[in-house]
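K.L.:
Following this message is one structure expressed as structure tokens.
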Amino acid sequence: MHIQNFKTFCDLVETKSFSKASILNEVTQSAVSQQLKAMETHYDMLIIDRNQKKFRLTPQGAALYSTFKEILSLYEKLNCEILEMRNIVSGTIQISTVNSIGLHELPPYLKSFIKEFPSVNVRVEYRRANLVYEDVLHGTSDIGLVAFPLNHKELTTIKFAQDELIVAMNPEHPFAKKKNLTIKDLGGKDFISFEKDIPTRKATDEILNNAGVEISTVMEFDNVETVKRALEINAGIAILPANTVINESERNQLTTCKLDLGSYVRPLAIIHKKKRMLTPALRSFVELMKNANPLD
């Protein structure tokens, strides 16, 4: 048995999917099945209860999973300790992030990190918020970057910044001449919104509901870039994170107004699995995002 077989098996148990386990380990589904059969032959016992419609381990399979997780944890710890003893900060960091953070918040941090640790390869994948959590929980990504972080028993959450929520609109909109708006001012107005499962949409809905303000949602999109394109054609107004509209404001493509004198903010956070051993590269990156002032 090789350590990679242990990881493939644990990924299969955690995802309950041969296809997902194959993707995580960069092998075919057939290879995952063959590894499972070889494991059952090696230990001379059934690992998966094939009488069940849903994926379910036998008691023997559950015991193997528990032990393999301990072995993988020790192996990961050993690798981290060796890197630390050699004073090496290298390797690859896989980041899963929502578009608004990845495009508008992350770049200056990456610039600072790559300047300090040029031997580390950072890979960034843009995902919907729910998929960021899945990527981190299933091990597809080392860390995730999310807004309005959710509490999860298996995740560590580290807040690293916050962004003011403002009202954005076309320069021709009647609100464009105002510098500040109240929540009550937004009642009955046409809105360009995020889709309902997006955390920022949930937060803005709560703000409006708490104030007893009803709006008219005329368009819904899953990312901030398409919301801004709709604003540019004057289809309505939107509540957006201030940092996401800086470029459009400077080019006079959009105008922004403070909302209740800057009373509403969007918290941003790093998430990673609680039991995950952070490599020197990962730990350095997290520390930079927590403490450093990113380069302009």
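K.L.:
Check Ile47, Ile101, Ile95 and return the single one that is more than 26 Å from the chain's Cα centre (by Cα) and either closer than 30 Å to Glu164 by Cβ or surrounded by 14 or more Cβ atoms within 10 Å (Cβ to Cβ) (or both).
P.N.:
Details: Ile101 fails: more than 26 Å from the chain's Cα centre (by Cα); Ile95 fails: more than 26 Å from the chain's Cα centre (by Cα).
Within the list Ile47, Ile101, Ile95, the selection yields Ile47.
K.L.:
Output the residues belonging to region 240-291 that are part of a loop (DSSP other than H, G, I, E, B), surrounded by 19 or more Cβ atoms within 10 Å (Cβ to Cβ) and in the same structural domain as Leu181 (by TED's automatic domain parsing).
P.N.:
Leu254
Results for (1) outside the structural domain of Val98 (by TED's automatic domain parsing); (2) over 27 Å from the mean Cα position of the chain (by Cα); (3) hydrophobic (A, V, I, L, M, F, W, C), shown as yes or no for each residue.
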residue	(1), (2), (3)
Ala168	yes, no, yes
Glu172	yes, yes, no
Phe175	yes, yes, yes
Gly187	yes, yes, no
Gly212	yes, yes, no
Val218	yes, yes, yes
Asn223	yes, no, no
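K.L.:
To continue, here is another question. Inside region 94-134, can you point out the residues that are of a type in the set (S, T, N, Q), touching a strand residue (DSSP E or B) at 6+ places or on another chain (Cβ under 9 Å) and more than 22 Å from Pro199 (Cβ to Cβ)?
P.N.:
Within region 94-134, the subset of a type in the set (S, T, N, Q) is 94, 96-97, 99-100, 112, 119, 121, 130.
Now narrow it down to the ones that are touching a strand residue (DSSP E or B) at 6+ places or on another chain (Cβ under 9 Å): 94, 96-97, 99-100, 119, 121.
Correct list: Ser119, Asn121.
K.L.:
Any residue in region 203-211 that is assigned to a strand (DSSP E or B) and either touching a residue at least 40 places away in the same chain (Cβ under 8 Å) or of a type in the set (Ser, Thr, Tyr) (or both)? Break it down stepwise before answering.
P.N.:
Start the filter on region 203-211 by keeping residues that are assigned to a strand (DSSP E or B), which leaves none.
No, every residue in region 203-211 fails to be assigned to a strand (DSSP E or B) and either touching a residue at least 40 places away in the same chain (Cβ under 8 Å) or of a type in the set (Ser, Thr, Tyr) (or both).
K.L.:
State the number of residues belonging to region 19-28 that are more than 14 Å from His138 (Cβ to Cβ) and either assigned to a helix (DSSP H, G or I) or touching a residue at least 60 places away in the same chain (Cβ under 8 Å) (or both).
P.N.:
0
K.L.:
Could you tell me which of the residues Leu254, Leu268, Leu288 is at pLDDT 90 or above, among the aliphatic types (A, V, I, L, M) and over 24 Å from Val124 (Cβ atoms)? Break it down into steps so the answer makes sense when it comes.
P.N.:
Numbers: Leu268 fails: over 24 Å from Val124 (Cβ atoms); Leu288 fails: over 24 Å from Val124 (Cβ atoms).
Of the residues listed, the single one that is at pLDDT 90 or above, among the aliphatic types (A, V, I, L, M) and over 24 Å from Val124 (Cβ atoms) is Leu254.
K.L.:
Consider Ser263 against the criteria (1) in contact with a Lys or Arg (Cβ under 9 Å, 6 or more places away or on another chain); (2) without any contact (Cβ under 8 Å) to a residue 24 or more places away in the chain: it satisfies all of them except one. Which criterion is unmet?
P.N.:
(1)
K.L.:
Hey, another quick one. Does Pro149 satisfy the criteria of being touching a strand residue (DSSP E or B) at 6+ places or on another chain (Cβ under 6 Å), over 30 Å from Ile271 (Cβ atoms) and not in a strand (DSSP E or B)?
P.N.:
Working: touching a strand residue (DSSP E or B) at 6+ places or on another chain (Cβ under 6 Å): yes; over 30 Å from Ile271 (Cβ atoms): no; not in a strand (DSSP E or B): yes.
No.
K.L.:
Within region 59-74, can one find any residue that is in contact (Cβ under 8 Å) with a residue 60 or more places away in the chain, under 30 Å from Leu110 (Cα atoms), of a type in the set (Ser, Thr, Tyr) and surrounded by 14 or more Cβ atoms within 10 Å (Cβ to Cβ)? Talk me through it step by step, then tell me what you get.
P.N.:
The first filter runs over region 59-74 and keeps only residues in contact (Cβ under 8 Å) with a residue 60 or more places away in the chain, leaving 68, 71-73.
Right, trim to under 30 Å from Leu110 (Cα atoms) and you get 72-73.
Now drop any that are not of a type in the set (Ser, Thr, Tyr), which leaves 73.
Now drop any that are not surrounded by 14 or more Cβ atoms within 10 Å (Cβ to Cβ), which leaves none.
No, there is no match, as no residue in region 59-74 is in contact (Cβ under 8 Å) with a residue 60 or more places away in the chain, under 30 Å from Leu110 (Cα atoms), of a type in the set (Ser, Thr, Tyr) and surrounded by 14 or more Cβ atoms within 10 Å (Cβ to Cβ).
K.L.:
Given the residues Lys177, Lys184, which is the only one that is more than 20 Å from Pro267 (Cβ to Cβ) and without any contact (Cβ under 8 Å) to a residue 12 or more places away in the chain?
P.N.:
On the way: Lys184 fails: without any contact (Cβ under 8 Å) to a residue 12 or more places away in the chain.
Just a single option satisfies the conditions, and that option is Lys177.
The values are calculated or read from the model by the stated rules, or taken from the named source; none is laboratory data. This structure is a prediction, so every number in the text was calculated from the model and none was measured. Positions of Cβ are generated from backbone atoms using ideal geometry, with glycine treated the same way; all protein chains shown enter the neighbour counts.
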